[in-house]
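Q: The structure under discussion is supplied below as structure tokens; questions concerning it will follow.
Quick note: the coordinates plus some simple rules give every number you see, no bench work behind them. Predicted, not measured: the structure shown is a model, and the values here were computed from it. Cβ placement follows ideal geometry from the backbone for every residue including glycine, while neighbour counts extend to all protein chains displayed.
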Ligand SMILES: [Zn+2]
């Protein structure tokens, strides 16, 4: 599965609140929220905040990013499958690209996305961080990998 970059930037805005709409008739959860259920065409949907807990389904590392987001490069974008069964596209945080795996357990946090220097506006959005910390692990794994290669 490939992640389309325009889709990433377009969907960033809807991540401010991790809210979904739930169909009152068939129970289908829609994220981003919809006003009409695409399953049963019901117009009565209620808003529900998602748990924010899930696992990485797929990810991509972007080294070249848009103006205003450069301080965050490289950005790891992931599609996270939440416990509720819906997929959310958002950047990962507090993790190095080499520590990201498909199936990594993550939880949503509200973080600064960008700062508009002229207007002094700070935009916040949802990011996902690993449930377990990777303080030294990445370096240790890298070191042992290097040693193995030298011996072979
Ligand atoms: Zn429905």
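Q: Is region 34-75 best put as rounded, prolate or oblate by its Cα gyration tensor, with a ≥ b ≥ c the root eigenvalues, rounded for a/c under 1.5, and otherwise prolate when a/b is larger than b/c, oblate when not?
A: Values: a/c = 2.96, a/b = 2.38, b/c = 1.24.
Note, shape of region 34-75 comes out prolate.
Q: Now for a separate question. Hey, fewest Cβ within 10 Å first, where do 94, 38 land in order?
A: The most exposed by this proxy come first: 38, 94.
Q: Right, next: Would you kindly state how much longer the chain becomes between residue 94 and residue 131 on full extension, computed as 0.36 nm times their sequence separation minus their alpha carbon distance, in nm to one decimal?
A: Here the segment from residue 94 to residue 131 would lengthen by 12.3 nm.
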